[in-house]
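Below is one structure, written out as C-alpha cells, with a few remarks after it.
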Amino acid sequence: MDKAMEYQKKPATTPVEMERTRNRRVYVPKVDIIETPDAMVLYADMPGTDENSVEVTVEKNVLTIAGTVNGKGFEGRSMAYAEYDVGDYERVFTISDEVDRDRIEAIVKNGVLKLVLRKAPHAEAKKITVRTQ
C-alpha cells in the first residue's frame, strides 16, 4: 500500500443519537496509547487545535474527545490546490472502572492532545475478624 494512502484522514462515523450543529467534515484522529504502571497515556493527533478548541468529556464509561478547527483563509487569494482538508475531530472510547475520573489530565501542544488517565487505587484486601456470640 502506498504510504500516502495509509495516513489519510478518515471521516468519523456519526452515531444515530448525535446531531451536529456545524455542517463540516469530522475526522477520527490517530491515537497512540501507552500504559505505565500508574496510568494510561493517550496521544491524539489533532492538527490545528489548541486548548480553547479541544473538549474532553467523561460520562459513565465513555470518554469523548472532540476538537474544532477553523480554516485559515488567505485574504485576497483563492486556494488553487490543497492536500490537507480542514475539519473537526472526534473520537470516543469506552473506559473501565480502573480509571480515576477525578485525576484525568488533558494537555494540548502543537496539535497533539495528551490525556493522562490515572489508574484508580485498588482497594486493599482487608481481613475481617470473625467473632462468636
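Structure notes:
- Residue list for the range 80-133, restricted to those being in contact with a strand residue (DSSP E or B) (Cβ under 7 Å, 6 or more places away or on another chain), of a type outside the set (A, V, I, L, M, F, W, C) and without any contact (Cβ under 8 Å) to a residue 24 or more places away in the chain: GLU98, ASP100, ARG103, GLU105
- Enumeration of residues in the range 58-82 that are within 24 Å of the chain's Cα centre (by Cα), open to solvent by 70 Å² or more (accessible area, probe 1.4 Å) and more than 13 Å from ARG25 (Cα to Cα): GLU59, LYS60, LYS72
- LYS114 passes every criterion in (1) under 22 Å from MET40 (Cβ atoms); (2) open to solvent by 60 Å² or more (accessible area, probe 1.4 Å); (3) modelled with pLDDT under 95; (4) of a type in the set (D, E, K, R) apart from (3).
- The single condition among (1) modelled with pLDDT under 95; (2) under 21 Å from GLY87 (Cα atoms); (3) open to solvent by 50 Å² or more (accessible area, probe 1.4 Å) that GLU35 does not satisfy is (2).
- Filter pass, PRO47 being more than 12 Å from the chain's Cα centre (by Cα) and closer than 16 Å to VAL31 by Cα: yes
- Hits in the range 62-100 (condition: of a type in the set (Lys, Arg) and farther than 30 Å from ALA39 by Cβ): LYS72, ARG77
- Restricting the range 92-109 to residues that are more than 15 Å from the chain's Cα centre (by Cα) and assigned to a loop (DSSP other than H, G, I, E, B), the residue that is surrounded by the fewest Cβ atoms within 10 Å (Cβ to Cβ): ASP97
The values are calculated or read from the model by the stated rules, or taken from the named source; none is laboratory data. Here the structure is a predicted model, which means the values were calculated and not measured. With ideal geometry, Cβ positions are generated from the backbone for all residues, glycine too; neighbour counts draw on all protein chains shown. Heavy atoms of the whole protein, side chains included, go into the accessibility calculation; ligands, DNA and RNA do not. Shrake-Rupley method; radii C 1.70, N 1.55, O 1.52, S 1.80 Å.
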